[in-house]
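Worksheet: one structure, shown below.
The values are calculated or read from the model by the stated rules, or taken from the named source; none is laboratory data. Computed from a prediction, not measured in an experiment: that's the story for all the values here. Methodologically, a virtual Cβ is constructed for each residue, glycine included, from the backbone with ideal geometry; neighbour enumeration extends over all protein chains shown. For accessibility, only protein heavy atoms count, side chains too; no ligands or nucleic acids. Shrake-Rupley method; radii C 1.70, N 1.55, O 1.52, S 1.80 Å.
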Amino acid sequence: MESYQFGDLAIAFDKEGANRYTKVTYPIRYGRFCEIKTPEYSFQFNLNGQIKYIRGLTREWPHPAEWLKRTDANDWVFYSAGLYKEMLSFIGEYYLPCLSYPSNSLWKYNPFADCDIQKALEAWSQLRVNLCSLSDNGMPSKIRGFMSQIYRQDVNTLNLKSTKLHRIIGGPVSVLPPDTRHVDYDVIPLMIADGCLYNCKFCRIKSRQSFCPRSKANVLEQIRQLQDFYGVDLKNYNAVFLGNHDALAAQPDLICRAATQAYEAFGFENACIKNPTLFLFGSVDSLLNAGSSLFDALNQIPMYTYLNIGLESVDAATLSKINKPLESGSVKDAFQMMLDINRSYLNIEVTANFLIGDALPPGHYRSLVELVRNRLNRYYSKGAIYLSPLNSSRNKRKLLRTFVEIKNLSRLPTYIYLIQRL
Ligand code: SF4
């Protein structure tokens, strides 16, 4: 790390953060980054000079351990420390990510309406202007170059960048797997298929396309363009999301090739952050149809794989109400397969999503508890259950109580699924 002081600006260049994702109650940073501190704020930039984190340093800031993060889709997320213990139990993380766009959150807090948060975002724009007027005297040329990179990346440029990312992969990612929380949602998206098998009526994130895998050439071209897009900051990534809503329904060869090619092309072996990870979604049918050879192959790739399956409900009346074209028997079989895979494969973890909502039939909750409690003889720490609140639900407090009741009975780790996009 190199440090410089210019007036009231303290610049730390090539600062080193943690090299493993971990869950802590303070503002941890990962990989390599540059920090500029003013008396009021800490601004942190990725290796491309793009703003990534802002944290207030004065008494006006809501809490000293809270911060703002900008995603690669150019969304701001506020990490709220309000209820550490409760959050760990509700979402598996100490911090509640408060999103600047509509989602399915059960918490109403909107920090973006807070004038101190707005001031922080304005201060970043002002910092860029101030950097421009810094005297070059005594500033090494590489720092000068980096400062001008920061200066060039204003709101419009960052918006265009996010549009470029979406153009490379064929559109925005409407939902990331819940397991991506383990890498703080910092995944490189790589689409190997579009659409999904069911087009369920309740679903707000679907693309309405029928399932269609991408060609191998398309996947390779995305990888090439993504390398270029992330540039020198690529070494700060150690995770890939193979999209989109049901990548598991693609041919096993396409899945394994894409994962291996991504691992190599993105340089995960030498990434600043260890423990490379692969994320993908699957469905009941794609899981039931996947042969053991696919899991044998995934278990061998040099990444830990999280496979998240949308089970939604095991109750026939609920499946019919939400227009999910599945038999409850198939959902039970998929759940059993999830348990079997989790016990058989060291490097694969299958997790599952179920719905919670105001208007779901009572049989939904009864059958869910029967599944996540009575089918297991003891508590297992591998293979989380995520309960996803339906957007139509009005009584959020009641849903939180329902969640707690299910969690207390569940013999699998159980959390609320907070939908985040990219
Ligand atoms: S819930 Fe899954 S399968 Fe159903 S429409 Fe949404 S993305 Fe497609």
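Residues checked against (1) open to solvent by less than 10 Å² (accessible area, probe 1.4 Å); (2) within 21 Å of VAL155 (Cα to Cα):
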residue	(1), (2)
LEU68	yes, yes
ASN74	no, yes
ALA81	yes, no
LYS85	no, no
LEU88	no, no
GLY92	yes, no
TYR101	no, yes
SER105	no, no
LYS108	no, no
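Checking the structure you have, find out if any residue of segment 26-47 is farther than 30 Å from ASP179 by Cβ, in contact (Cβ under 8 Å) with a residue 40 or more places away in the chain and among the charged types (D, E, K, R).
Yes, the conditions are met somewhere in segment 26-47.
Among the listed residues GLU327, GLU312, which satisfies the condition of being in contact with a Cys (Cβ under 9 Å, 6 or more places away or on another chain), within 16 Å of the ligand (Cβ to nearest atom) and of a type in the set (D, E, K, R)?
GLU312
Any chance you could count how many residues in segment 148-179 are aliphatic (A, V, I, L, M) and without any contact (Cβ under 8 Å) to a residue 40 or more places away in the chain?
Here the count works out to 2.
Would you check if SER320 is open to solvent by 30 Å² or more (accessible area, probe 1.4 Å), free of Cβ contacts under 8 Å to residues at least 24 places away in the same chain and assigned to a helix (DSSP H, G or I)?
When the stated conditions are applied, SER320 passes them.
Looking for whichever is of a type in the set (A, V, I, L, M), touching a Cys at 6+ places or on another chain (Cβ under 9 Å) and more than 16 Å from the ligand (Cβ to nearest atom) here; the options are ILE169, ILE150, ILE188. Which one fits?
ILE150
Inside segment 369-414, can you point out the residues that are of a type outside the set (S, T, N, Q) and farther than 20 Å from MET87 by Cα?
Result: VAL369, GLU370, LEU371, VAL372, ARG373, ARG375, LEU376, ARG378, TYR379, TYR380, ARG394.
Based on what the data block shows, is ILE309 over 28 Å from ILE28 (Cβ atoms) and not in a helix (DSSP H, G or I)?
In short, yes.
Table: residues versus (1) farther than 30 Å from LYS274 by Cβ; (2) over 26 Å from the mean Cα position of the chain (by Cα).
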{"position": "ILE301", "(1), (2)": "no, no"}
{"position": "LEU311", "(1), (2)": "yes, no"}
{"position": "LEU339", "(1), (2)": "no, no"}
{"position": "ASN347", "(1), (2)": "no, no"}
{"position": "PRO362", "(1), (2)": "yes, yes"}
{"position": "SER367", "(1), (2)": "yes, yes"}
{"position": "GLU370", "(1), (2)": "yes, yes"}
{"position": "ASN377", "(1), (2)": "yes, yes"}
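So LYS119 fits all but one of (1) within 16 Å of the ligand (Cβ to nearest atom); (2) open to solvent by 30 Å² or more (accessible area, probe 1.4 Å); (3) touching a residue at least 24 places away in the same chain (Cβ under 8 Å); what number is the exception?
Result: LYS119 fails condition (1) only.
Any chance segment 20-27 includes a residue that's among the aromatic types (Phe, Trp, Tyr) and touching a His at 6+ places or on another chain (Cβ under 7 Å)?
Yes, some residue in segment 20-27 is among the aromatic types (Phe, Trp, Tyr) and touching a His at 6+ places or on another chain (Cβ under 7 Å).
Taking ASN270 and the conditions (1) under 30 Å from ARG343 (Cα atoms); (2) open to solvent by less than 10 Å² (accessible area, probe 1.4 Å), which numbered condition does it fall short on, given that it satisfies the others?
With respect to (1) under 30 Å from ARG343 (Cα atoms); (2) open to solvent by less than 10 Å² (accessible area, probe 1.4 Å), ASN270 is out only on (2).
Report yes if LEU96 is at pLDDT 90 or above and over 22 Å from GLN50 (Cβ atoms), otherwise no.
The answer is yes for LEU96.
Given LEU254, LEU248, which one is touching a helix residue (DSSP H, G or I) at 6+ places or on another chain (Cβ under 6 Å), open to solvent by less than 50 Å² (accessible area, probe 1.4 Å) and either more than 30 Å from GLU16 (Cα to Cα) or of a type in the set (Val, Ile, Thr) (or both)?
LEU248
Identify the residue in segment 330-354 that is within 13 Å of the ligand (Cβ to nearest atom) and buried (at least 22 other Cβ atoms within 10 Å of the Cβ) and, among all such residues, is nearest to GLY243 (Cα to Cα).
ALA352
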